[in-house]
Every structure is written in structure tokens, then in C-alpha cells.
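Right, one structure below, let's go through it.
The values are calculated or read from the model by the stated rules, or taken from the named source; none is laboratory data. From a predicted model like this one, the values you see are computed outputs, not experimental measurements. Cβ coordinates were reconstructed from backbone atoms using ideal geometry, including for glycine residues, and neighbour counts include every protein chain displayed. Remember, those area values only see protein heavy atoms, side chains included, never the ligands or the DNA or RNA. Shrake-Rupley method; radii C 1.70, N 1.55, O 1.52, S 1.80 Å.
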Amino acid sequence: MAVDILLGLQWGDEGKGKIVDVLAPTYDIVARFQGGPNAGHTLEFEGTKHVLHQIPSGIFHPHIQNIIGNGVVLDPIVFRTEMQKLQDRGVDAARNLYISKKASLILPSHKVLDRVSEEALGSGKIGSTLKGIGPTYQDKIGRVGLRVGDILAADFKERYNKLVDRHRKTVEFYGQALELGEQEQLFFEAVEYLRTLKLADTEYLINEALQNGKRILAEGAQGSLLDVDFGTYPFVTSSTTMVAGACTGLGVAPKYITEVYGIFKAYCTRVGSGPFPTELLNEEGEAIRQAGREFGSTTGRPRRCGWVDLPTLKYSIMLNGVTQLNMMKADVLTDFDTIKVCTHYKLPSGEITDKLPHSLEIEGLEPIYEELPGWKVDLNKIVSTEELPEAFQNYLTYIESHLNVPITIVSVGPDRKSTLRREAEKV
């Protein structure tokens, strides 16, 4: 009986969905513990690309139970569309999907609130995906939000109207009108659909599974550097994206946690506003963006690209207790003659450190790089770790020596089969 946790160590978009799909066959349950439709977990196999937003990435394995945990904020409209797309591709997702009654509901008015509050920030915009995530978590913390279980109540419509009236007053404060249009009708149609599914007290389901010796994989969304407490605040998401979020987002006691898989790219990306010390605003950055197809799977926005940042990775590893590392998209760096790695920061005072300061927005903060030889070999064609070029092997061991955690999986292409298991040396 164990809960293993898989989460991102950077600013999201690390490729968590693919690794969940690869690891899932060895688990009985895959559970999402936080986030909402701002997540886009991309899986690619048999020549077909699948993007999941709220549904756990184990859904393509019919023997696995999939759980949307209480820490998730659920948009019924997006969810219904996502379920329909799966059905159109021959996946009966409803058969093995359970939704926590304690998960929070995203209302159409939450998305309006998200937009008007982001507009009010002007040049200081956070970079919200405008999916209503932040306002929904605000209502949860403010103890006024609606939860999935509420749709079973006879007075659900009255509860809905009461919350929307509250949102209307806030929108009017910003000098705008709350106009929901067809979104409200779509919402209630989606709620009717939601009522037909398996709504459960999933904390009992999970803990009973643990008592019966089942294995559970907890799937995080976004990344550790977007954590509401420890991320690059205020340019963060609205939930706890770290290991602690799995405990509160699923109802799991810490004693059950065994492995923590930390996912990171061979380089680094970020979507939206906020500090990014190793960002490349030049041809190299654009080359990474194009080679890695670095455009948001949920929003389509181009991602900011830069070299891998070891101080931020060390920070995320420390806070999450990571036991295994998985490197993604190594094939993207194939054409570079040299690969840069940020090992430290130089602060305005002249101090050299590998620790994160209170804010990465400090003016004058400089990344310090070391350069390694590139491999100039198409990794996408490699099917075993023995075939990996020496320069790339050196890149892996170099990073391991700094992070003191083994890299056990290396992804060298988008497809399922381009995922190499690796026996790392003790570090």
C-alpha cells in the first residue's frame, strides 16, 4: 500500500502527462490532486496526440481507476467536452472515473471575474489563463464556493444564484457588467451530465484502496515554481502544486507516500508573466521554442524558453523530497553545439549563491553558467540507453552530480515508445 507522487519541478509544462501514461500500468489508481482546466497534460501514442485538462492521465488504461480529487477545481463545461472527445476516440472514460464530491465547481461567472481582475492589474498582469481558477479557489478559501456534491442538493439553483449575485457585485465594482450569455445554459447542461457520473467521497475510496494493498499514483498539475506559497509569487497559480498538495487534495496521510517523481525538461520554459532568470530572448530561445513545439496545450500561447536552472531545481527537490528525476524533451537540444547550465546566481551585492532569494525579480540578478558539449545526435531515433551518445550521458551525470537525485527516466521524443528507463549510478 503506497502513494507515489508525480509532479513538475519547473513552471509547469514539463511533460507530466506522458510520464503518468508510461508509469500508470503498474498502478491501480491514478488521481489528480489540484489545479483545473488551466492544466494541459499531453500524451502521444500510436501516432495520435491527446490533451487532457481535468481528467487524470491514466484514463487510457481500462484497468485503472481514475480519480478527480477534492483539491481540483472542476469546470463542468470543459469537463463535458473533454469526456465527449474521449468517447469519440473510443475511450469509455465514465466507466472508471470517480469525481470527489468535495471538488470545487468553476462557474461561468468565475471566468468573468478572472478576466476583469486581470485587466485591472494593467501592466502588472499575472498571466492568468482566464479559466476562472483563481476566483474559484478564492471562493473556496472564503468558504462561499460551490462543490460537486452541491449539484445533488434540491436547492442547488438557489445556491448558484446566490453566488452569482455575489460575483455580480464584484464585477460591477470594476465598472463592468456580468454577462454570461449562453455560458450559463451550457453550465447547467453540463451539470446535468455530471449528475450521471460516479460522484463519490473519494477520500474513503482512496484510503480503502490503500488498506487493500492497492498502489496509487497522485498526479500534479502546473509546476513547483508556481506553488502559491513557494513559487515565484505573485506570478503563481492558486493551489499547492507540491507534495503537500497531494495529501490535502486527496485526503492521504503523509505516512503513505513512498516515491516522489520530479519531472523537468532538459531546458526550461515558462508561460505568462513573472521572473525567469535563464530566459533566452534571442535566436537560441526561438530555436528551442520551435524544436520543442513550445506552445501551450491549453492556451496556444508561445512559451518563454531558456537554459536549465539548477538552483530552482534544487529548491523544488528539497521542498518535495524528490526520490527520482525524469528528464523530458532531451531531443530538443540536439542541434546545439554547446549546452549551458545555470549553476548559481550572482546577486547585486556580488554574492554567489545556489539558493533562491526571496524574490527572483531582484534587479541585477545574473545567472552563472557552465557550458557542456552538445551531442549533435538525433535522440528521437534511439531506443535504449546504451545507444545514447557520450556527450548526452555526460550531461545527465553532470546534472545528477549537482542535484544528488538519480535520473531514472529520459524522454527523447513525444511518443510513448521514446521513453527510456535508466539505471542511474548512486549519487
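Looking at region 292-323 only, could you name the residues that are outside any loop (DSSP other than H, G, I, E, B), open to solvent by 40 Å² or more (accessible area, probe 1.4 Å) and farther than 10 Å from residue 9 by Cβ?
Applying the first criterion (outside any loop (DSSP other than H, G, I, E, B)) to region 292-323 yields 295, 302, 304-306, 308-320.
Now drop any that are not open to solvent by 40 Å² or more (accessible area, probe 1.4 Å), which leaves 295, 302, 304, 314-315, 318-319.
Once the filter is applied, which keeps residues that are outside any loop (DSSP other than H, G, I, E, B), open to solvent by 40 Å² or more (accessible area, probe 1.4 Å) and farther than 10 Å from residue 9 by Cβ, region 292-323 yields 295, 302, 304, 318.
Give the residue that is surrounded by the fewest Cβ atoms within 10 Å (Cβ to Cβ), with candidates limited to residues of region 356-371 that are over 28 Å from the mean Cα position of the chain (by Cα) and part of a loop (DSSP other than H, G, I, E, B). Working first, answer last.
Step one: list which residues in region 356-371 are over 28 Å from the mean Cα position of the chain (by Cα), which gives 363-364, 370-371.
After this cut, where a residue has to be part of a loop (DSSP other than H, G, I, E, B) as well, the list is 363-364.
Working: 363: 5, 364: 9.
Among those that are over 28 Å from the mean Cα position of the chain (by Cα) and part of a loop (DSSP other than H, G, I, E, B), it is 363.
Pairs, please: C-beta under 7 Å, at least 6 apart or cross-chain, first residue at pLDDT 95 or above and hydrophobic (A, V, I, L, M, F, W, C) and in region 131-147, second in a helix (DSSP H, G or I) and open to solvent by 60 Å² or more (accessible area, probe 1.4 Å)?
144/166; 146/159
Would you check which residues across region 324-343 are among the hydrophobic types (A, V, I, L, M, F, W, C), part of a strand (DSSP E or B) and over 20 Å from residue 225 (Cβ atoms) and list them?
Just the residues of region 324-343 that are among the hydrophobic types (A, V, I, L, M, F, W, C), to begin with: 325, 327-328, 330, 332-333, 336, 339, 341-342.
Within this subset, residues satisfying the condition of being part of a strand (DSSP E or B) are 325, 327-328, 339, 341-342.
Answer for region 324-343, where residues must be among the hydrophobic types (A, V, I, L, M, F, W, C), part of a strand (DSSP E or B) and over 20 Å from residue 225 (Cβ atoms): just 339.
Kindly indicate the residue of region 279-291 that is aliphatic (A, V, I, L, M) and assigned to a loop (DSSP other than H, G, I, E, B) and also surrounded by the most Cβ atoms within 10 Å (Cβ to Cβ) among those meeting that condition. Talk me through it step by step, then tell me what you get.
From region 279-291, those aliphatic (A, V, I, L, M) are 280-281, 287-288, 291; that's our starting set.
Keeping just the survivors that are assigned to a loop (DSSP other than H, G, I, E, B) gives 280-281.
On the way: 280: 19, 281: 11.
Here the residue is 280.
Only one of these is touching a residue at least 40 places away in the same chain (Cβ under 8 Å) and within 30 Å of residue 218 (Cα to Cα): 192, 203. Name it.
Details: 192 fails: touching a residue at least 40 places away in the same chain (Cβ under 8 Å).
Checking each option against the conditions leaves just 203.
May I ask you to list the residues in region 372-410 that are touching a Ser or Thr at 6+ places or on another chain (Cβ under 8 Å), open to solvent by 30 Å² or more (accessible area, probe 1.4 Å) and at pLDDT 95 or above?
The answer is 373, 402.
Inside region 183-236, can you point out the residues that are among the hydroxyl-bearing types (Ser, Thr, Tyr) and open to solvent by 20 Å² or more (accessible area, probe 1.4 Å)? Full working, then the answer.
Applying the first criterion (among the hydroxyl-bearing types (Ser, Thr, Tyr)) to region 183-236 yields 193, 196, 202, 204, 224, 232-233.
Those that are among the hydroxyl-bearing types (Ser, Thr, Tyr) and open to solvent by 20 Å² or more (accessible area, probe 1.4 Å): 193, 196, 204, 233.
Check 266, 244, 287, 221 and return the single one that is within 20 Å of the chain's Cα centre (by Cα) and without any contact (Cβ under 8 Å) to a residue 60 or more places away in the chain.
Step by step, each of 266, 244, 287, 221 is checked, and only 244 is within 20 Å of the chain's Cα centre (by Cα) and without any contact (Cβ under 8 Å) to a residue 60 or more places away in the chain.
Report, by residue number, each residue of region 233-276 that is part of a strand (DSSP E or B), over 13 Å from residue 13 (Cα atoms) and in contact with an Asp or Glu (Cβ under 6 Å, 6 or more places away or on another chain).
In the first step, residues of region 233-276 are kept if they are part of a strand (DSSP E or B); the result is 257-265, 268-270.
Okay, now just the ones that are also over 13 Å from residue 13 (Cα atoms), so 257-261.
Hits for region 233-276 are 258, 259.
So which residues in region 135-153 are within 23 Å of residue 12 (Cβ to Cβ), open to solvent by 20 Å² or more (accessible area, probe 1.4 Å) and out of contact with any strand residue (DSSP E or B) (no Cβ under 9 Å at 6 or more places or on another chain), if there are any at all?
Within region 135-153, 138, 141 meet the criteria.
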